[in-house]
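Here the structure comes first, spelled out in structure tokens, and everything after it is commentary.
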Amino acid sequence: MIHDQDTLVARTVQMVTEGVVEAVDGTRIPIEADTVLLHGDGADAVRNARAIREALLRAGVVIAPVTEVLAAKEEKESASCPA
Amino acid sequence: MTVKIDLVADLGESFGAWTMGDDGALLDVLTSANVACGFHAGDPRTMDATVRGCVARGIGIGAHPSFPDLAGFGRRAMELTADEVRTDVLYQLGALHAFATSHGTTLSHIAPHGRLGNLVATRADYARAVVDAVEAFDPRLIVLAQDGELADHARERGFASRSSPSSTARTARTAPWCRGPSPVP
């Protein structure tokens, strides 16, 4: 469990915007995510959730329900497929 | 290319006189919610209020089904048959669907909770049971899953009818972020 908020926020933004996660040994692991699951329990939960949302918005990420996220993906995929 | 992401958390996990979490605050942050369906948390009043709160903010509503384990918050180990999982999930989908309908909306996704949520990643029979329930209830439901059996099985059903306009069991990848003991998925 990452307790340091700055690290948590930075890694989340990196995962969403770059599609990679850095393991503790520095290895970059590709990850594809349509949603980010936030913990709702624990004293820091709400603060972390807010910080993550704000950081994602600052990074130019659009936050939307998964139906929209998938629709955008499907659109992108069909656009790049030969007719 | 704009990056889009859904911020999701478990909501509605209070039960009657017992409060769990700070749903009010989270409602201002999320774009989707996994709503407890009564088996690990979520009495009818809590489900009603949670759905209402989500509808008011345009937050996508998903089912958060669990093992039948109120005392253990759905985290305790129990040996269920695949058919018990299938029918338990159907029952919980139905319960939440009633509240969604009453508030003029529909369910958008499903994300199993707790012990069931862990086991659908490793047990093919449970994964199949969940996908069977989803397909029978509403094949348009998005299955939120980490990489594993549930994601594979849901994708399988989806691929089968990908070319048709009414696709079944679409899957979405959920980053196991901010949860669990390890920061690495």
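The values are calculated or read from the model by the stated rules, or taken from the named source; none is laboratory data. Since the model is a prediction, treat every value here as computed from it, not as a measurement. With ideal geometry, Cβ positions are generated from the backbone for all residues, glycine too; neighbour counts draw on all protein chains shown. For accessibility, only protein heavy atoms count, side chains too; no ligands or nucleic acids. Shrake-Rupley method; radii C 1.70, N 1.55, O 1.52, S 1.80 Å.
Among the residues here, B:GLY62 qualifies as of a type outside the set (S, T, N, Q), closer than 22 Å to B:THR101 by Cα and either open to solvent by 10 Å² or more (accessible area, probe 1.4 Å) or touching a residue at least 24 places away in the same chain (Cβ under 8 Å) (or both). Of the residues screened, B:VAL55 is not one that is surrounded by fewer than 24 Cβ atoms within 10 Å (Cβ to Cβ), within 9 Å of chain A (Cβ to nearest Cβ) and either farther than 22 Å from B:ALA145 by Cα or at pLDDT below 95 (or both). Pairing each residue of the range B:15-32 that is more than 8 Å from chain A (Cβ to nearest Cβ) with any residue that is among the hydrophobic types (A, V, I, L, M, F, W, C) and open to solvent by 40 Å² or more (accessible area, probe 1.4 Å), provided the two are 6+ apart or on different chains, yields C-beta distances under 7 Å for B:PHE15/B:LEU70.
Would it be correct to say that B:THR2 is in contact with a strand residue (DSSP E or B) (Cβ under 9 Å, 6 or more places away or on another chain), at pLDDT below 95 and among the polar types (S, T, N, Q)? Judged against the criteria, B:THR2 is a match. Scanning the range B:6-48 for residues that are within 15 Å of B:SER66 (Cβ to Cβ) and assigned to a helix (DSSP H, G or I) yields B:THR46, B:MET47. For the range B:118-141, check the following and say yes or no: at least one residue is in contact with a His (Cβ under 7 Å, 6 or more places away or on another chain), closer than 21 Å to B:ASP6 by Cβ and at pLDDT below 95. Checked against the condition, which is being in contact with a His (Cβ under 7 Å, 6 or more places away or on another chain), closer than 21 Å to B:ASP6 by Cβ and at pLDDT below 95, the range B:118-141 yields at least one hit.
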